[in-house]
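To start, the structure itself, in structure tokens.
The values are calculated or read from the model by the stated rules, or taken from the named source; none is laboratory data. The structure presented is a predicted model; accordingly, all values stated were derived computationally and were not measured. In this analysis, Cβ positions are derived from the backbone assuming ideal geometry, glycine residues included, and neighbour counts consider all displayed protein chains.
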Amino acid sequence: MGLWEMVVLIVLISTIGDVFHRHYKTKERQSTMNNQFSGLGDQLNRIEERLGNLETLVVEEEKHKDFDRAL
């Protein structure tokens, strides 16, 4: 094996290794992001539920104010 063949082989092996490394790193990031998005969906559902409760409280308070004014 000549010098240039050895250089090409080393570059080729390094490039393939880098491609695999980036591939696995990207999969790890996607997994982390999916977990974060799943948590955000749960958090959004809780916030929507709280907002609904607050809206109910405000509407009930307005009803009481209207009733008190009528007296």
### Message
Of everything in segment 25-70, what is within 24 Å of the chain's Cα centre (by Cα), of a type in the set (S, T, N, Q) and modelled with pLDDT of 85 or more? Give them in sequence order.
### Response
THR26, GLN30, SER31, THR32, ASN34, GLN43, ASN45
### Query
Does at least one position in segment 4-25 carry a residue that is exposed (fewer than 10 other Cβ atoms within 10 Å of the Cβ) and of a type in the set (Gly, Ala, Ser)?
no
